[in-house]
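Everything on this sheet refers to the single structure shown next.
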Amino acid sequence: MKNDLTLTTLDKVCQFQNGFAFKSNTFKDNGVPVLRISNIQKDKIDLNKIVYINPNDYKEDLSKYKVYKGDLLIAMSGATTGKIGFNNFEEIFFLNQRVGKFKPSELLIKKYLYYFLISKVEENLKISLGAAQPNLSTDQIKSFKLPLGSVDQQKQIVAKLDQAFAAINTAKLNVEKNLENAKELFQSKINQIFSYKGEGWVERKLGEVASLMTGGTPKRKNKEYFENGEINWLVSGDIHKKEIFECEGKITQLGLESSNARYLPLNSVMIALNGQGKTRGTVALLRMMATCNQSLVSIYPNDINQLRPEYIYTALDARYQEIRELTGDGGNDRRGLNMPLIRNIKIFYPENIQKQDEIIKQIQMIRNKTESLKLTYQQEFDSLEELKKSILEKAFNGEL
């Protein structure tokens with residue numbers, strides 16, 4: 001290779017320590033923290049969802065599974081397979097199974113190894129996808145082919161990468177700030193529109209001005225309720241687009257007749273009662289004939305000449321976080337929304353239907369401009385990520 005870099009396998013210059021199989025029934029609320037695969041996030045250790053153990057619960061010698069500040073780790077299975085993270089905490093951790101720790105020899109600089117490993121993340125994922133669950137074995141990791149030069153050469157490459165990545169990370173932070181500013185500007189404009197309380201505006205509960213419907217789930221054990229189904233059947237995961245024109249879920253006519261699922265009004269507003277992540281409280285406009293399960297509620301105005309469904313959608317979308325917090329848990333996912341809560345949501349709107357149409361059009365224009373800005377910023381962010389990959393490729397080809 002160029003610049004005297006020679007290919008060697010990782011096991012020739014680095015020891016690798018796999019984690020210990022700590023039993024979940026011994027996890028506690030305090031004690032010695034245990035690092036699991038979910039704690040390896042974005043090149044560092046994330047202490048969200050950290051668990052603890054009492055070493056006295058185990059007869060084994062756990063000393064070799066300790067993780068100290070500066071240790072370099074890799075997630076070996078699950079959604080974060082191949083992700084790398086430095087432990088930057090003073091606290092000592094234990095290493096759980098399917099998390100590995102690198103112990104470089106004097107021939108290998110740890111920061112050089114780190115840069116090499118992050119250049120391999122995508123390749124690692126491709127390797128791991130050969131199994132039913134993403135998985136990297138110890139042997140696969142030890143067999144990584146590492147372009148290696150002298151310690152001085154490694155130091156020079158690390159210094160150049162540090163400098164380049166510092167500039168890229170600064171640029172990324174600026175892009176992220178611009179993206180956040182665009183989102184805040186959109187929300188500020190929306191709040192300004194809906195905070196107006198002048199003459200000709202009224203406030204009503206949704207249950208007073210709209211019909212609410214939910215659905216049901218046919219019994220899963222009855223295949224004839226699902227196989228070759230042609231009736232659209234929505235679940236909470238479908239409420240991630242502003243308008244719904246298609247979905248994966250299908251049920252049969254027999255499934256429809258044998259459950260609480262019902263056809264929903266076309267153009268109704270769909271709101272997710274629960275769901276993973278940020279799904280709860282998300283709204284979308286239904287643009288096709290469909291049914292749904294019990295995790296969704298359809299909202300359709302009693303009279304579209306007095307209240308537009310698009311206005312309801314826009315008003316609820318603008319109050320996403322407020323609606324999530326109606327459950328009383330601060331918007332967390334432990335509890336779900338329900339029909340009584342949805343019925344009691346107050347909506348403020350102009351009685352003049354033309355005014356509603358003007359507001360809908362105005363907000364759509366603002367949304368389009370914001371989405372355009374977001375797309376531009378995302379493209380800038382993606383370009384910076386590609387630049388990082390290109391620089392890493394040159395580094396380990398001896399071209400930096």
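Just a few scattered comments:
- Applying 0.36 nm per residue to the separation of residue 257 and residue 178 and subtracting their alpha-carbon distance, the gain on full extension is 23.4 nm.
- Among the trypsin sites (Lys or Arg not before Pro) in the range 1-70, those located in a DSSP loop and surrounded by at most 12 other Cβ atoms within 10 Å of their own Cβ are 23, 42, 49, 59, 69.
- For the range 2-148, the alpha-carbon radius of gyration amounts to 1.05 times the rule-of-thumb value 2.2 N^0.38 Å expected for a compact globular protein.
- Environment charge of residue 139, counting only residues whose C-beta is closer than 15 Å and scoring Lys/Arg +1, Asp/Glu -1: +3
- Scanning the chain for GluC sites (Glu not before Pro) in DSSP loops with at most 10 neighbouring Cβ atoms within 10 Å leaves 249-400 as the longest stretch between them.
- From its DSSP helices (H runs of at least four residues, each -39,500 (n - 2.57)), the chain gives a residue-normalised ellipticity at 222 nm of -11000 deg cm²/dmol.
- Rounded to the nearest 5, the antiparallel percentage of DSSP beta bridges internal to the chain is 85%.
- Counted charge near residue 36, where neighbours are those whose Cβ lies closer than 10 Å (Asp, Glu -1; Lys, Arg +1): +2
- Computed from phi, the 3J(HN,Hα) profile of the range 157-166 under the Karplus parametrisation 6.51, -1.76, 1.60 (θ = phi - 60°) reads 5, 4, 4, 5, 5, 4, 5, 5, 6, 5 Hz, with x in place of Gly and Pro.
- Option label - P(r) over Cα pairs in 10 Å bins from 0, in percent computed here, alternatives (i) 5, 22, 27, 21, 14, 8, 3, 1; (ii) 5, 22, 31, 25, 14, 4, 0; (iii) 4, 17, 20, 20, 19, 14, 5, 1: (iii)
- Charge sum, other residues only, whose C-beta stays under 15 Å from residue 209's C-beta, Lys/Arg counted +1 and Asp/Glu -1: 0
- Angle of helix 353-396 to the longest C-alpha principal axis of the chain, folded into 0 to 90 degrees and rounded to 10: 10°.
- Legend: calculated FRET efficiency, residue 64 to residue 369, from the Cβ-Cβ distance at R0 = 60 Å, rounded to 0.05, equals 0.60.
- Overall shape of the range 143-192 was characterised from the C-alpha gyration tensor. The equivalent ellipsoid obtained from it has semi-axes of 43, 12, 4 Å, in decreasing order.
- Cα pair distances exceeding 22 angstrom across the range 164-259, given as percent: 64 percent
Each reported figure results from applying straightforward, stated rules to the coordinates on display, with no laboratory input. The shown structure was predicted, so the numbers you read here are calculated from the model rather than taken from an experiment. We place every Cβ from the backbone using ideal geometry, glycine too, and count neighbours over all the protein chains shown.
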